[in-house]
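The values are calculated or read from the model by the stated rules, or taken from the named source; none is laboratory data. Nothing here was measured: the structure is a model prediction, and the numbers come from that model. Heads up, the Cβs are rebuilt from the backbone with ideal geometry, glycines too, and the neighbour counts pull from every protein chain shown. All accessible areas refer to the heavy atoms of the entire protein, side chains included, with ligands and DNA or RNA removed. Shrake-Rupley method; radii C 1.70, N 1.55, O 1.52, S 1.80 Å.
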Amino acid sequence: MISPGKTVVLTFDDAVSNHAAFAAPLLSELGFHATFFICEFPPDFAVNKRQYMTWEQIRSLDAAGFEIANHTMTHAGLSAMAPETCEKEIELLEARFRDVGLPRSRAFGYPGGPAADYAPPLLKKLGFRFARTVEDRAWKPDRDDPYLIPAVAVHGADDSNFRRALSYAQSGGIPVLVYHGIPDRLHPWVDTPPELFESEMRYLKRENYRVLAFRDLLQS
């Protein structure tokens, strides 16, 4: 397992188009890895390609070396869902991955953040190795359930959430960062301005952080 310190896990939610158009090229330039949690928001994913990636763009992220992972087919929250419905949501998306030539994912992102009591054993049964929640603290791999990994949402108009997340490494944990759209035109409450995102990524590079995807942890 990767040791804490100057290490972060970088994640992106919801298949926003600027993940491919803006974020990924910058990350590749900097030598960073990341996990992109994919879902299909109905009906917008199918028709609004200003907001959401095409499957060709999603494949391009995989081809560029980024991790593509499961966020359910329709961004469905697990807390009000029966286990069998959740399994169907997950497997529908995995079937889509297979159809477009993507590997089966090994990381899962809980839509909206919250998990459900039934989720860890279900995800383990389905072959996942990691599952990410949203919780304002660092991940401690030696203590935390790998199917309940806390992560910090770092969107906003300034870098205060980003700086707070990095400060959690001082307690011996690994900050897991969550971004949405850069910018997010449909969901401004999770927006990050492009210039701020670039500044934050260049800070990580300048300060010699290791910036990883979840699957990198399987190789450590």
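Per-structure values
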item	result
Percent accessible area from carbon and sulfur atoms, the stretch 39-108, protein chains only, probe 1.4 Å	52 percent
Loop-resident sites, the stretch 124-185, for trypsin sites (Lys or Arg not before Pro), counting at most 12 other Cβ within 10 Å (DSSP)	143
Built amide H within the under 5 Å cut-off of residue 131, gap 5+	108, 147, 148, 149
Cα point-scatterer Debye curve for the chain, base-10 log of I(q)/I(0) at q = 0.11, 0.15 Å⁻¹	-0.48, -0.94
Integer Hz, Karplus 6.51/-1.76/1.60 couplings in order for the stretch 179-188, x for Gly and Pro	10, 10, x, 10, x, 10, 6, 8, 10, x
Heavy-atom surface of the chain, accessible at 1.4 Å and reported per residue (Å²)	43 Å²
Whole-Å distance, taken between Cα centres, linking the stretch 1-69 and the stretch 97-175	15 Å
Unsatisfied cross-links (Cα-Cα over 20 Å) in the set 140/205; 88/140; 88/124; 6/124	140/205; 88/140; 6/124
Förster radius 25 Å - calculated FRET efficiency between residue 50 and residue 129, Cβ distance, rounded to 0.05	0.15
Accessible surface of residue 68 - all protein chains present, 1.4 Å probe, nearest 10 Å²	10 Å²
Of all DSSP beta bridges in the stretch 1-151, antiparallel share, percent nearest 5	10 percent
